[in-house]
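Since the structure comes first, as structure tokens, the remarks are kept for the end.
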Amino acid sequence: MLSELASITHGAKVPCSPIARLAYHNACTLKELHIAPTAPDDWSSLIRCGHQAPVAYTSLASLSMDITKSLDTRSWTTVKGVVPFPVLSQLDISGAYPFADDALFRGNRGMLHRLSIPFSAIAKNALGRFNVLERNGITWINPIHTVQISGTPWFAPSDNFVREQVHGILKASTTLQLGCDTSIGLMLTALCTAPNTAILQHLTLSDKRCALADIISIVYALTSLVSLTSQICGVGMEIGLIPENEHPSTLYETYYPLSSSFRKLRVPSVANADIGRVSIVAMQIAIVCPSFAYVDLPYELCEEFRGSVTWSTNNDLFKSYGDALRRLM
């Protein structure tokens, strides 16, 4: 048996049990572990390796588990009271979430900086059931840098479970990324009812096309938000197509100042025909958010974006807000 390994990566088409046993026998020296368990026995081998004593991975900083191939519906548990991963700073779980206890989070709540989990963990109330995001009723003093959620559960989750856990994440993390197939409707509702203790600064919505109203609701609820990454939908290219309730003067009177923290909108991809829509939404945000000054676009569209904003400074609807628009140029 190899000993004193610092890193183990589970190769494709390799059975998991031998890898789990190898990890068990190198628990004291492993710093990185990438493994694909498919059954409770694989998980058990990782922690206690048959009838041997439970082990603690005292050097393991990064644990990645791909459970997408698991067909076993039994819950995975460990020995009660054992702290398997006391210094874990990065935890990435993809696919299924079969864990029925808090073993992944025991003892490392002040260490964890990156957490990536499937939405099924949220649906099962995995974070709320074991108070993962709180310690003695107090939100973590050291925030998690990034929380990433992806995937969809095979059953309908409780709205309350989703809202409570998302609110816990918003109070414990500075960055939240929602993956391409997350149940975005439930998540968006939870985001827009954020507690005033939220510390989130950066939000990525990979599978949501945000209209102006969505962005306003998110920025209003998340008072610390600095940047938002999302596709844009809503008004067409022509200035005259803007609904009256979204005219600059109406928005200014209703929302200004919406947020002094929000500064950046990132739009990962834009069709040429949609750059007018993006520019209008960006200008409307600039009018109500005094610090908003930057739209991150594909490089080849930046000149067209600036041209659209420049043209709008002479339009009757927008010309009174030239100072706000010039921040975007």
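The table below lists the values:
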{"quantity": "Test set (1) in contact with a Phe, Trp or Tyr (Cβ under 8 Å, 6 or more places away or on another chain); (2) over 27 Å from Phe155 (Cβ atoms); (3) in a loop (DSSP other than H, G, I, E, B); (4) modelled with pLDDT under 95 - Pro37 fails condition number", "calculated": "(2)"}
{"quantity": "Thr68 open to solvent by 20 Å² or more (accessible area, probe 1.4 Å), of a type outside the set (Asp, Glu), closer than 20 Å to Pro153 by Cβ and part of a loop (DSSP other than H, G, I, E, B)", "calculated": "yes"}
{"quantity": "Evaluation of Gly107 against (1) part of a helix (DSSP H, G or I); (2) touching a residue at least 12 places away in the same chain (Cβ under 8 Å); (3) surrounded by fewer than 17 Cβ atoms within 10 Å (Cβ to Cβ) (one fails), failing number", "calculated": "(1)"}
{"quantity": "Leu46 assigned to a loop (DSSP other than H, G, I, E, B) and buried (at least 20 other Cβ atoms within 10 Å of the Cβ)", "calculated": "no"}
{"quantity": "Check on Phe161, open to solvent by 10 Å² or more (accessible area, probe 1.4 Å), over 22 Å from Val219 (Cβ atoms), modelled with pLDDT under 90 and not in a helix (DSSP H, G or I)", "calculated": "no"}
{"quantity": "Leu60 being under 22 Å from His25 (Cβ atoms) and touching a helix residue (DSSP H, G or I) at 6+ places or on another chain (Cβ under 6 Å)", "calculated": "no"}
{"quantity": "All positions within the stretch 54-65 that are open to solvent by 40 Å² or more (accessible area, probe 1.4 Å) and modelled with pLDDT of 95 or more", "calculated": "Thr58, Ser59"}
{"quantity": "Candidate set from the stretch 194-219 (those that are surrounded by 20 or more Cβ atoms within 10 Å (Cβ to Cβ) and of a type in the set (Val, Ile, Thr)); member that is farthest from the chain's Cα centre (by Cα)", "calculated": "Ile216"}
{"quantity": "Filtered residues of the stretch 84-99 (kept if out of contact with any Pro (no Cβ under 9 Å at 6 or more places or on another chain), in a loop (DSSP other than H, G, I, E, B) and open to solvent by 30 Å² or more (accessible area, probe 1.4 Å))", "calculated": "Pro86, Val87, Ser89"}
{"quantity": "Condition met for Leu212 (within 24 Å of Ala293 (Cβ to Cβ), touching a strand residue (DSSP E or B) at 6+ places or on another chain (Cβ under 8 Å) and modelled with pLDDT of 90 or more)", "calculated": "no"}
{"quantity": "Failed condition for Arg74, given (1) outside any loop (DSSP other than H, G, I, E, B); (2) surrounded by fewer than 12 Cβ atoms within 10 Å (Cβ to Cβ)", "calculated": "(1)"}
{"quantity": "Residues of the stretch 49-65 that turn out to be of a type in the set (S, T, N, Q) and in a strand (DSSP E or B), as a count", "calculated": "2"}
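The values are calculated or read from the model by the stated rules, or taken from the named source; none is laboratory data. Note that this is a predicted model, so its numbers are computed, not measured. Reconstructed Cβ throughout: ideal geometry from the backbone, glycine too, with neighbour counts over all protein chains shown. With ligands, DNA and RNA removed, areas are computed over all heavy atoms of the protein, side chains included. Shrake-Rupley method; radii C 1.70, N 1.55, O 1.52, S 1.80 Å.
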